[in-house]
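The values are calculated or read from the model by the stated rules, or taken from the named source; none is laboratory data. This is a predicted model, so every value here is computed, not measured. Note that each Cβ is placed from the backbone with ideal geometry, even for glycine, and that neighbours are counted across all protein chains shown. Quick note on the areas: whole protein, heavy atoms, side chains included, nothing else; ligands and nucleic acids left out. Shrake-Rupley method; radii C 1.70, N 1.55, O 1.52, S 1.80 Å.
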Amino acid sequence: MNSTMRAASTSRSRAVVTAVALLALATGCATGSDEPEKPGTPTSHPTQDSSISAEVGERFTLTVEENASTREHWYLGDPEPDTSVVRSQGKKSESDSGDEPVPGAGSRLTFTFEATGKGSTEIVLMHCTFATTCEGDGSGTPSPEPEPEPTPTPSASATPSEPERVTYTVTVS
């Protein structure tokens with residue numbers, strides 16, 4: 001083998017070794033699903049679980065489905081949770097239709113809470129629909145005025161029903 005061929009072969013070998021080293025380095029440093037969640041990321045609890053355990057400082061969420069076009073809403077109800085144990089961090093609505101609003105589309109409403117101290121308290125969510133009467137939305141803002149009642153008929157009730165109340169017991173350790 002002459003010196004030109006030997007230099008080209010050595011250069012290709014170095015390139016291959018460099019490529020393999022870079023590939024190993026990139027693969028070893030890549031982020032994957034095995035990484036722990038970022039600190040401060042709220043823990044999501046299924047709404048059908050009525051008992052929630054948390055640690056002081058932990059944030060957690062409850063997500064419910066609603067549809068404003070059918071007059072279906074969820075509110076943080078009374079009594080509000082004991083703020084020395086759990087404090088509301090707000091709520092956020094996300095449309096089922098993505099970024100583009102679509103008339104009649106439903107949405108997911110996420111309530112976020114933070115465990116503030118050891119103890120036990122309850123979180124009450126009220127599910128208000130067109131057939132229920134809600135006194136308020138738990139934020140101090142009164143709910144919209146109800147539609148006028150239709151003329152009662154013998155088969156219909158003139159009294160709206162109470163909203164569904166879902167109660168969660170939260171224990172903070």
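On the basis of being of a type in the set (S, T, Y) and either over 27 Å from the mean Cα position of the chain (by Cα) or at pLDDT below 80 (or both), does S3 make the cut? The answer is yes for S3. Evaluation of T41 against the conditions (1) of a type outside the set (D, E); (2) within 21 Å of R108 (Cβ to Cβ); (3) modelled with pLDDT of 90 or more shows that the sole unmet condition is (3). Out of all the residues in segment 139-152, is one or more under 28 Å from S51 (Cα atoms), modelled with pLDDT of 60 or more and open to solvent by 30 Å² or more (accessible area, probe 1.4 Å)? The answer is no; no qualifying residue exists. Of the listed requirements (1) modelled with pLDDT of 95 or more; (2) within 30 Å of E164 (Cβ to Cβ); (3) not aliphatic (A, V, I, L, M), G77 misses just one: (1).
Screening the candidates R87, R108 for the property of being over 13 Å from E65 (Cα atoms), touching a strand residue (DSSP E or B) at 6+ places or on another chain (Cβ under 9 Å), of a type in the set (K, R) and surrounded by 13 or more Cβ atoms within 10 Å (Cβ to Cβ) yields one hit, R87. Among the numbered conditions (1) touching a residue at least 24 places away in the same chain (Cβ under 8 Å); (2) within 15 Å of the chain's Cα centre (by Cα); (3) more than 22 Å from G57 (Cα to Cα), the only one that S95 does not meet is (1).
Of all residues in segment 126-137, those that are among the charged types (D, E, K, R) and crowded, with 16+ Cβ neighbours inside 10 Å total 1.
Among residues of segment 111-125 being open to solvent by 20 Å² or more (accessible area, probe 1.4 Å), touching a Gly at 6+ places or on another chain (Cβ under 9 Å) and not in a loop (DSSP other than H, G, I, E, B), the one that is nearest to Y75 (Cα to Cα) is T112.
At least 1 residues being charged (D, E, K, R) is the threshold, and among the strands (runs of 3 or more DSSP E) wholly inside segment 49-100 those reaching it are 59-66, 86-95. Among residues that are open to solvent by less than 50 Å² (accessible area, probe 1.4 Å) and part of a loop (DSSP other than H, G, I, E, B), P103 is not included.
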